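The values are calculated or read from the model by the stated rules, or taken from the named source; none is laboratory data. What you see is a predicted model, and the numbers here were worked out from it, not measured in a lab. Cβ placement follows ideal geometry from the backbone for every residue including glycine, while neighbour counts extend to all protein chains displayed.
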Amino acid sequence: MNRYGLIGEQLGHSFSPQIHALLGEYPYGLYPLPPDDLPAFVQAGDLAGYNVTIPYKQAVIPFLQQLSDVARRTGSVNTVTRLPDGALKGDNTDYAGFRLMLGDAQHVRGRKALVLGSGGAAATVRAVLQDAGLTPVTISRSGPDNYQNLHRHRDAAVIVNATPVGMYPRHDQQPLSLEGFAHCALVLDLIYNPARTLLLLEAEERGIECRNGLSMLVGQAWQASRLWGQCHQGEEAIAPIVQRIARDTRNIALIGMPGCGKTTVGKHLAALTGRPLLDTDALIVEQAGLPIPQIFADQGEAAFRALETEALARAAGQSGAIIATGGGIVTQSRNLPLLRQNSLIIWLDRPLDLLKVDGRPLSQSRGVEALFAERAPLYRRWADHLYHNEDSAATAARIREEHL
C-alpha cells in the first residue's frame, strides 16, 4: 500500500495524521527532518506523496521535476506527488486552504492587508489576497516594510500571521500588537496550535473578527489527498472535519473553589474519554518535591503561585487533555491567556458547606466564605460554562455529552 506523510523540521504538535485518517484509509506519518537530511529523503522515494511544512516549502523545489501553475507562481510547494514514471510533482494546496480560511472577504476588498512573514506560506497568502482584490504588503524583519516602520501601515484592514511566532512551544509570544490598527477588521493566524494565539486573543478582546489556521490545514489536506487519489469525499467534508479536530484537540480545563471536585470530575472524564488528566496541584508537588501545605509554610503564597503558573503552562500546552486546576488559579491574571489559548474553561460550583478544607491552607486560614466572595466573580468571568457539581460522576457524564 502506498504511504504518505508530512515532512518538516519540527512536527511534534501536528494534527495532520488525524485529519488524513478522516479523509481516507491510507497510511500517513510524520517525518521530522533536519535540513541536511532533506535531499536524501526526497531522492529516496519511499513515499507516494507527502505534505511539506516549515521550513521546506521553498527548499524542496530544486529536487522536483514538475511544478503546478500555482506552485510556480507562488514559489512555494506544500504537496509533493510521485508520478507513475517516478518523477516528483510539486503542488501548492495551501492556496485553496487559505482561500477557504479567508472566506468571502467582501467587506475588506480593495483595502490593505499586512502579511507577516516572508517564507513559502507568506507567498501563498499574498497570492490569495491579491486574487481576492486586496493589496498585500509583506512585513518582515529586514525588508523595506518591517516591524520598525509599522506606523506606515496603520490603515491596514487585514493582518495575517504567516510566521511561526505564537506556535507551540513559543505560545507566549506574538509577532505584533494590534494597538494603533484602528481600521483593522480581520485578523487571521495560520497557526492552529494553540487554537487561540496571543494575537488572536488580543483581536478577540478588541472585538476584531479573527480565526486560526485549522480550516486552512484541513482544506489543503483535502486537496492534497484528492491529488494523491486517496480521498473521494466532496468539499462538503471539510467543515465537519474542522469541527471534529477542534473538538478532539481542545483541552477541558476545570476551575472552581478548593474542594469543589475538580480532580474527581477530571478522573471520571479521563476514564470516560481516554484523555489524559493533568492536575496542576499534582504537577507542583512533583516539581517541588514537597506537599502544598509545606510549600505555603516554607516559601509563602507568592512562591506557590509562581510554581502554579509554571505547572499550568505545561498542562495548557497539551492538546486533548483534561486539566484540573487549583482553586486559586484565577487570582493570577497571567493564567487566563494560558487557559484560553487551547481550552474550554468549565467552572465547577458546589455548595460551600460541602467543600472540604483538609490540606487546603487558604481555606483553613481565611475560610471558604471569604475565599468564595473574592473568587466567584473571577470564576464567572473566566468560565465558558458553569456546572453545579454535587455528583461528580454525573457532572463528568454531562460534560462529556455536551462538549466531547
**Report entry** region 90-121, residues that are over 19 Å from residue 184 (Cα atoms) and aliphatic (A, V, I, L, M)
**Finding:** 96, 100, 121
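From the residues in region 133-144 that are touching a Lys or Arg at 6+ places or on another chain (Cβ under 7 Å) and on the phi < 0 side of the Ramachandran plot, which one is surrounded by the most Cβ atoms within 10 Å (Cβ to Cβ)? Lay out the reasoning, then the answer.
Narrowing region 133-144 to residues touching a Lys or Arg at 6+ places or on another chain (Cβ under 7 Å): 133-138.
With on the phi < 0 side of the Ramachandran plot added as a condition, the list becomes 134-138.
Numbers: 134: 24, 135: 13, 136: 19, 137: 17, 138: 18.
Restricting to residues being touching a Lys or Arg at 6+ places or on another chain (Cβ under 7 Å) and on the phi < 0 side of the Ramachandran plot, the top hit is 134.
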Query raised in the report: Quick check: anything in region 314-324 in contact (Cβ under 8 Å) with a residue 60 or more places away in the chain, touching a Gly at 6+ places or on another chain (Cβ under 7 Å) and not in a helix (DSSP H, G or I)?
Result: yes
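Which ones in region 197-209 are out of contact with any His (no Cβ under 8 Å at 6 or more places or on another chain), surrounded by fewer than 22 Cβ atoms within 10 Å (Cβ to Cβ) and not β-branched (Val, Ile, Thr)? I'd like the intermediate steps shown before the answer.
Kept after step one, since they are out of contact with any His (no Cβ under 8 Å at 6 or more places or on another chain), are these residues of region 197-209: 199-209.
Applying the additional criterion that residues be surrounded by fewer than 22 Cβ atoms within 10 Å (Cβ to Cβ) yields 201-202, 204-209.
Correct list: 201, 202, 204, 205, 206, 207, 209.
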Report task. Look through 67, 23 and report the one residue that is more than 30 Å from residue 171 (Cβ to Cβ), at pLDDT 95 or above and hydrophobic (A, V, I, L, M, F, W, C). Result -> 67
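Determine if region 281-299 includes at least one residue that is within 22 Å of the chain's Cα centre (by Cα) and either within 26 Å of residue 18 (Cβ to Cβ) or in contact (Cβ under 8 Å) with a residue 24 or more places away in the chain (or both). Don't jump to the end; show me each part of the working.
Let us first name the residues in region 281-299 that are within 22 Å of the chain's Cα centre (by Cα), namely none.
No; the residues of region 281-299 include none that is within 22 Å of the chain's Cα centre (by Cα) and either within 26 Å of residue 18 (Cβ to Cβ) or in contact (Cβ under 8 Å) with a residue 24 or more places away in the chain (or both).
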Report task. Among residues belonging to region 86-108 that are of a type outside the set (A, V, I, L, M) and on the phi > 0 side of the Ramachandran plot, point out the one that is surrounded by the fewest Cβ atoms within 10 Å (Cβ to Cβ). Result -> 86
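Could you list, in sequence order, all residues of region 195-211 that are in contact (Cβ under 8 Å) with a residue 24 or more places away in the chain and not charged (D, E, K, R)?
At the first step, the residues of region 195-211 found to be in contact (Cβ under 8 Å) with a residue 24 or more places away in the chain are 195-199, 201-203, 206, 208-211.
Hits for region 195-211 are 195, 197, 198, 199, 201, 203, 208, 210.
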Query raised in the report: Among the strands (runs of 3 or more DSSP E) confined wholly to region 1-85, which include 3 or more residues that are surrounded by 14 or more Cβ atoms within 10 Å (Cβ to Cβ) and within 20 Å of the chain's Cα centre (by Cα)?
Result: 4-8
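Pick out, from region 216-311, the helices (runs of 4 or more DSSP H) lying fully within it that include 1 or more residues that are at pLDDT below 95 and surrounded by fewer than 22 Cβ atoms within 10 Å (Cβ to Cβ). Can you show your working first?
Working: elements: 238-249, 262-273, 280-288, 292-299.
By residue number, 280-288, 292-299.
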Query raised in the report: Residue check: is residue 194 in contact with a His (Cβ under 6 Å, 6 or more places away or on another chain) and either surrounded by fewer than 24 Cβ atoms within 10 Å (Cβ to Cβ) or under 18 Å from residue 54 (Cα atoms) (or both)?
Result: yes
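Out of everything in region 156-204 that is of a type in the set (Phe, Trp, Tyr) and within 20 Å of residue 344 (Cα to Cα), what residue ends up being modelled with the lowest pLDDT? Show your work before the answer.
Residues of region 156-204 of a type in the set (Phe, Trp, Tyr): 168, 181, 192.
Imposing the further condition that a residue be within 20 Å of residue 344 (Cα to Cα) reduces the set to 168, 192.
Working: 168: 83, 192: 95.
So the residue we want is 168.
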Report summary line: Scanning region 100-138 for residues that are over 22 Å from residue 242 (Cβ atoms) and of a type in the set (Ser, Thr, Tyr) gives 118, 135, 138
Query raised in the report: If you scan region 55-71, which residues turn out to be of a type in the set (S, T, N, Q) and without any contact (Cβ under 8 Å) to a residue 40 or more places away in the chain?
Result: 65, 66, 68
Report summary line: The condition of being out of contact with any Leu (no Cβ under 9 Å at 6 or more places or on another chain) and hydroxyl-bearing (Ser, Thr, Tyr) holds, among 264, 273, only for 264
Report summary line: residue 226 vs (1) basic (Lys, Arg); (2) farther than 29 Å from residue 50 by Cβ; (3) over 25 Å from the mean Cα position of the chain (by Cα): all pass except (2)
